[in-house]
1. If we scan segment 177-187, do we find a residue that is open to solvent by less than 10 Å² (accessible area, probe 1.4 Å), touching a Lys or Arg at 6+ places or on another chain (Cβ under 6 Å) and within 21 Å of His147 (Cα to Cα)?
2. Please indicate, with yes or no, whether at least one residue in segment 45-56 is aliphatic (A, V, I, L, M), within 25 Å of Glu132 (Cβ to Cβ) and assigned to a helix (DSSP H, G or I).
3. Kindly indicate whether Ala15 is more than 26 Å from Val245 (Cβ to Cβ), under 22 Å from the mean Cα position of the chain (by Cα) and at pLDDT below 95.
4. Quick one: Ser95 ticks every box in (1) open to solvent by less than 20 Å² (accessible area, probe 1.4 Å); (2) out of contact with any Phe, Trp or Tyr (no Cβ under 6 Å at 6 or more places or on another chain) bar one, so which box is it?
5. Report the residue count in segment 102-130 for those that are open to solvent by 10 Å² or more (accessible area, probe 1.4 Å) and assigned to a strand (DSSP E or B).
6. Name the single residue, out of those in segment 202-217 being open to solvent by 20 Å² or more (accessible area, probe 1.4 Å) and of a type outside the set (Ser, Thr, Tyr), that is nearest to Pro288 (Cα to Cα).
7. Mind checking which pairs have a first residue in segment 41-68 that is more than 15 Å from Thr80 (Cα to Cα) and surrounded by fewer than 17 Cβ atoms within 10 Å (Cβ to Cβ) and a second that is aliphatic (A, V, I, L, M) and modelled with pLDDT under 90, Cβ under 8 Å, 6 or more apart or different chains?
8. What's the total number of residues in segment 139-177 that are assigned to a helix (DSSP H, G or I), among the hydrophobic types (A, V, I, L, M, F, W, C) and in contact (Cβ under 8 Å) with a residue 60 or more places away in the chain?
Amino acid sequence: MKRAAPFRTLALAVAAALASAFPFLADAQSEFMRGNRMPYDAFEKLPKTDLDVPGGVIHVGFAPGEIALPQEKVLEWVKTSARAVATYYGRFPVSELKLLIVPVNGPRVRGGTTWGYRGAAIRIMLGRDADEDALRRDWVMVHEMVHLALPELAERHAWLSEGLAVYIEPVARVQAGDLTAAEIWQAMMRDMPKGLPEADDRGLDNTDTWGRKYWGGAMFCLLADIEIRKATGNRLGLQDAMRGVISAGGNHEQDWPIARVLAAADKAVGVDVLTRLRNEMGPQPVTPDLAALWRNLGLRPRGEALEFDDTAPLAAIRKAITAPAIPDIRRRSK
């Protein structure tokens, strides 16, 4: 049996560890929140709704509890999130997903977890007072769905899983029309420095800090995306590499070593960028010049706004990263 995956978001990790101290978790149904494993059996007794998505189906179960929004609005949020993920990958990463929505106190989404040891599954803690605007601004659902495309890795390589989710989530939402490119590049410029190595850093494989796991991993993904596009004349990028992992049979229901994941991704784009970059950044600290990178991408802060310089050396690559890719018709037709 596939082992239970570790927690996938910092929000949930903190919430689980401190559940008894916070009312929004204390009154959540213990049957659906206990421990760090997915309550798969819940789907045998909860009312469910099946949502068809490109390449798969999502079985949505609602734990008992009141939610201010009509259930239809929650299901729309699920479909919107799934559409963004399917846009990025060319299809939904798994053929079936069990999605458990657990109402908790609060006005927003409070966290999520993804598993695969008994089939792909996600649990989302939804604040019962969340409104439509909170769901439109939410990133957690897409973040968790992005995890579905990556095989389960060893814990020391969680930076790749979390980094991909942090990096792909906003890009996918831009490609789907749910965010603007300016919004996500501005956020990257603000947050990416959190992933830079600090004193005593021993590389991504050996430094288990929040900043390195999430934003260090995202930095790896951005650099890989740029290098793949440089090597292929901007024809292919990280998006194509990760689609290759899915085509090779990889998803969150599988256990793969990181070398196999990166080899499948490299094969899909015909260059060994991901393996090479991991060999550089995995065992030792690497500190990219982010200020120079932003300039080369054509990112020009103007007060609280962001302007694009389309004459910058990497401006075409910046545009290509957020441009919707052509759907993978061949894979869908198999």
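The values are calculated or read from the model by the stated rules, or taken from the named source; none is laboratory data. On a predicted model such as this, the values are computed, not experimentally measured, just so you know. Here Cβ is always computed from backbone atoms with ideal geometry, including for glycine, and neighbour counts include all displayed protein chains. Keep in mind that these areas ignore ligands, DNA and RNA; they rest on the heavy atoms of the full protein, side chains included. Shrake-Rupley method; radii C 1.70, N 1.55, O 1.52, S 1.80 Å.
1. No, that holds for no residue.
2. Looking through segment 45-56, none of the residues is aliphatic (A, V, I, L, M), within 25 Å of Glu132 (Cβ to Cβ) and assigned to a helix (DSSP H, G or I).
3. Against the criterion (more than 26 Å from Val245 (Cβ to Cβ), under 22 Å from the mean Cα position of the chain (by Cα) and at pLDDT below 95), Ala15 qualifies.
4. Looking at each condition in turn, Ser95 falls short on (1).
5. 4
6. Trp215
7. So the pair list comes out as Gly65/Ala28.
8. Residues meeting the conditions: 14.
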